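See structure below.
The values are calculated or read from the model by the stated rules, or taken from the named source; none is laboratory data. All values reported here derive from a predicted model rather than from experimental measurement. Using ideal geometry, Cβ is built from the backbone for each residue, glycine included, and neighbour counts are taken over all protein chains shown. Quick note on the areas: whole protein, heavy atoms, side chains included, nothing else; ligands and nucleic acids left out. Shrake-Rupley method; radii C 1.70, N 1.55, O 1.52, S 1.80 Å.
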There are 2 protein chains.
Amino acid sequence: MEVVEGLEKHFGVNSMEKLMVKTLSSEGDHLSVFMGPQQSVINLRTFSNGLVSIIIDYLREGEEEPLLTTLDGKALEMALGKLGKDIKSVTLPPIKRGTPFDVYFPLSDGRLVEYDVDKLIYDERSPFQRVQIMHSKTFGNMLVLDGLPNLAESDLVYTESIMCRGTEDYKDKEILILGGGDGALLNELRQENPKQIIMVEIDEMVMKICKEHLRSACGDTLDSYTGKNYQIIVGDCIKYIEKCVFQGKKFDYVISDLTDIPISETPQGEMWEFIKKVIRMSFSVLNDTGKFLTHGTGISCTNQLAMFEGVVGELEIPLSFTCTHAFVPSFLEDWVFYQIQRKTA
Amino acid sequence: MEVVEGLEKHFGVNSMEKLMVKTLSSEGDHLSVFMGPQQSVINLRTFSNGLVSIIIDYLREGEEEPLLTTLDGKALEMALGKLGKDIKSVTLPPIKRGTPFDVYFPLSDGRLVEYDVDKLIYDERSPFQRVQIMHSKTFGNMLVLDGLPNLAESDLVYTESIMCRGTEDYKDKEILILGGGDGALLNELRQENPKQIIMVEIDEMVMKICKEHLRSACGDTLDSYTGKNYQIIVGDCIKYIEKCVFQGKKFDYVISDLTDIPISETPQGEMWEFIKKVIRMSFSVLNDTGKFLTHGTGISCTNQLAMFEGVVGELEIPLSFTCTHAFVPSFLEDWVFYQIQRKTA
């Protein structure tokens, strides 16, 4: 009752038309639906556990004034707070739908985050995935693949973490990068005086776009597919490794910058099989002391990380691993990175 | 129509009862309200601009299975996608309400973020504010004041940024900290061999709680209110500065770790007057070459930052400023820090 009065006070008396009232269960679950100003639909609901929820849903276009600001919400909360000391209330910022481009991206554990994306720079489908470049006020240009933030201009720490900059010595080493189409990893590794780096990326569109819009991450690395000490191969990395096995080519490092650890109930299914295959095959082209470096997922996904570690432990080749983690700005999470090598007897 | 069929397919035929249908405007704005399983209320709405929105609202307690997972939402989207190539759709993660403690905090520009808070450790009202300690899986313990994240165990960079570690030389200097009740700033400054640090914090509850739950940030600094080269005064910092003016006491640095720049239309009102007063009075106890260091707000709040810079430029004392910024993990934003000093002739 008081909630309705509060809303009427805000929107103006007679501005709300009651569309329906319904008792949903005998335990105190009631629903009222109103139409307010600007064809807003207001669901007012009481739940059996004492919760009262209000959803105000309306169309706001362009620079129109909001119907209810967070401050209005706070004022309504204050008014309701007077009803009793024990009333707790929360006003959430508006949840935007139908925006011209996505502003919400889920974190690895499914949490909701609104990014300060102010521009969609590129949006196409390659034969492999949806490729987008978005501009975030905080993170600069962001590469978004199939709706998931992949790498932003703010994320040098991601690249330095996956390659263990400062701990691994790449001088005169042979390195194979799996994926890495944004070019950042190759760009940083080039500066470490390795003997040779081969990068195998399947999606040429990603490289084409990052060359243009993620230049602060990839530098001039993607301008040419061959350089003094590197070569970029457009193709399937598994097929490339098979070729290396056939030719007897070996590497000191394989760095896999492919897909994240899948979020699943068990370490089974297509994606997990792919991950196992990648690790198994990588060790078939790694020197005895060679290292496989890769990224995991967000640190709060403890189950997924444990599954990955289980998978590594159960491969035919006895492997041991270490892990590190770093907060990657545009991921808004602490991200886990793995360093895997053959167990020494 | 197809949307209803899709939902019925998911929830089971005959599982949805139509509660009402209403045409809200003649331009194609329609509302249907259904009751689905578990007393869920489903608002299905079409808007004049072609947007179709679905809100599914239900009570989920404890470890109950969700009624609709994000994957289900994706499946529904796929089914709808078959209706036409140009259909774009988004499924948002569930918006949680009535949670035992807040998990959503707004960023400086009002964006919504869901934190991975898994425990409310402390929640009391001091005479000055609501003081909470929450545990985040990513950021560790977080001090939350009046519902806004203040400092977390992950945020050494905040402290190092406000004090300009590495750029300012505090050796043998006299420093005044305004606020800073979490103790982190004092703790870091103590390590820089200053002559003396005075910290004036009004809210003893904050210090008491941080001493216990934010120990990785404040170390042993708050265990005693006096130490070799520091003193903590519980009180109003303005009154303390007045006392210093009266006694002729001067400082080399005043570091203000008080409130954020207010979010407002114009640089007026109580909070802005307070900020002006703090700066003006700080310069009355600063040496001629003394510096006033403080924090601003999120980098995307360009209006607020410009207002602050305007305020600094318009004070009676001619002042110049520089600014830096750093990504503060638990703020999930690039934060701006100011260094202000007297203009040299």
- A:I87 passes all but one of (1) under 30 Å from the mean Cα position of the chain (by Cα); (2) open to solvent by 70 Å² or more (accessible area, probe 1.4 Å); (3) hydrophobic (A, V, I, L, M, F, W, C); which number fails? (1)
- Message: I'm told A:W272 meets every condition in (1) within 30 Å of B:E65 (Cα to Cα); (2) within 20 Å of the chain's Cα centre (by Cα); (3) not in a helix (DSSP H, G or I) except one. Can you identify the failing condition by its number?
- Response: (3)
- Looking at (1) on the phi < 0 side of the Ramachandran plot; (2) at the interface with another protein chain (Cβ under 9 Å from one of its Cβ atoms), can you tell me which one B:S89 breaks? (2)
- Scope the range B:44-54; condition outside any loop (DSSP other than H, G, I, E, B) and over 32 Å from the mean Cα position of the chain (by Cα); matching residues: B:L44, B:R45, B:T46, B:V52
- How many residues, within the range A:214-237, are under 21 Å from A:E160 (Cβ atoms), open to solvent by 40 Å² or more (accessible area, probe 1.4 Å) and not in a loop (DSSP other than H, G, I, E, B)? 2
- Restricting attention to the range A:23-40, report how many residues are out of contact with any Lys or Arg (no Cβ under 9 Å at 6 or more places or on another chain), at the interface with another protein chain (Cβ under 7 Å from one of its Cβ atoms) and surrounded by 15 or more Cβ atoms within 10 Å (Cβ to Cβ). 1
- Message: Considering only residues that are over 22 Å from the mean Cα position of the chain (by Cα) and open to solvent by 10 Å² or more (accessible area, probe 1.4 Å), which ones fall in the range A:287-310?
- Response: A:N287, A:D288, A:T289, A:K291, A:G310
- Item | Residue under evaluation B:C301, criteria (1) away from every other protein chain (no Cβ under 14 Å); (2) modelled with pLDDT under 95, criterion not met | (1)
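Yes/no per residue for (1) surrounded by 15 or more Cβ atoms within 10 Å (Cβ to Cβ); (2) in a helix (DSSP H, G or I):
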residue: B:K239; (1), (2): no, yes
residue: B:K249; (1), (2): no, no
residue: B:T259; (1), (2): yes, no
residue: B:E265; (1), (2): no, no
residue: B:Q268; (1), (2): no, no
residue: B:K277; (1), (2): no, yes
- Item | Subset of the range B:333-345 (residues that are surrounded by fewer than 20 Cβ atoms within 10 Å (Cβ to Cβ) and of a type in the set (D, E, K, R)) | B:D334, B:R342, B:K343
- Message: Only one of B:S284, B:S330, B:S320 is over 28 Å from B:P106 (Cα atoms) and either touching a strand residue (DSSP E or B) at 6+ places or on another chain (Cβ under 7 Å) or surrounded by 15 or more Cβ atoms within 10 Å (Cβ to Cβ) (or both). Can you tell me which?
- Response: B:S320
- Message: Name the single residue that is least open to solvent (accessible area, probe 1.4 Å) among those in the range B:41-65 being of a type outside the set (S, T, N, Q) and more than 10 Å from every other protein chain (Cβ to nearest Cβ).
- Response: B:I42
- Query: When you go through A:V103, A:V41 one by one, which is the residue that is without any contact (Cβ under 8 Å) to a residue 60 or more places away in the chain and under 30 Å from A:M134 (Cα atoms)?
  - Reply: A:V103
- Query: Got a number for residues in the range B:1-22 being open to solvent by 30 Å² or more (accessible area, probe 1.4 Å) and at pLDDT 85 or above?
  - Reply: 5
- Task: Go through the residues of the range B:171-189 one by one and say whether even a single one is free of Cβ contacts under 8 Å to residues at least 12 places away in the same chain and part of a loop (DSSP other than H, G, I, E, B).
- Result: no
- Query: Within the range B:122-142, can one find any residue that is buried (at least 17 other Cβ atoms within 10 Å of the Cβ), away from chain A (no Cβ under 11 Å) and touching a Pro at 6+ places or on another chain (Cβ under 7 Å)?
  - Reply: yes
- Could you list, in sequence order, all residues of the range B:162-181 that are closer than 23 Å to B:K211 by Cβ and open to solvent by 10 Å² or more (accessible area, probe 1.4 Å)? B:R165
- If you go through the range B:192-213, how many residues are among the aliphatic types (A, V, I, L, M) and within 21 Å of B:C164 (Cβ to Cβ)? 4
- Message: When you check A:T322 against the structure, is it under 16 Å from the mean Cα position of the chain (by Cα), assigned by TED's automatic domain parsing to the domain that holds A:D257 and part of a strand (DSSP E or B), yes or no?
- Response: no
- When only residues in the range A:236-258 that are within 25 Å of the chain's Cα centre (by Cα) and without any contact (Cβ under 8 Å) to a residue 60 or more places away in the chain count, which is farthest from A:P127 (Cα to Cα)? A:I238
- Task: Filter the range B:98-118 down to residues that are closer than 18 Å to A:S89 by Cα and facing chain A (nearest Cβ under 7 Å) and give me whichever is surrounded by the fewest Cβ atoms within 10 Å (Cβ to Cβ).
- Result: B:G110
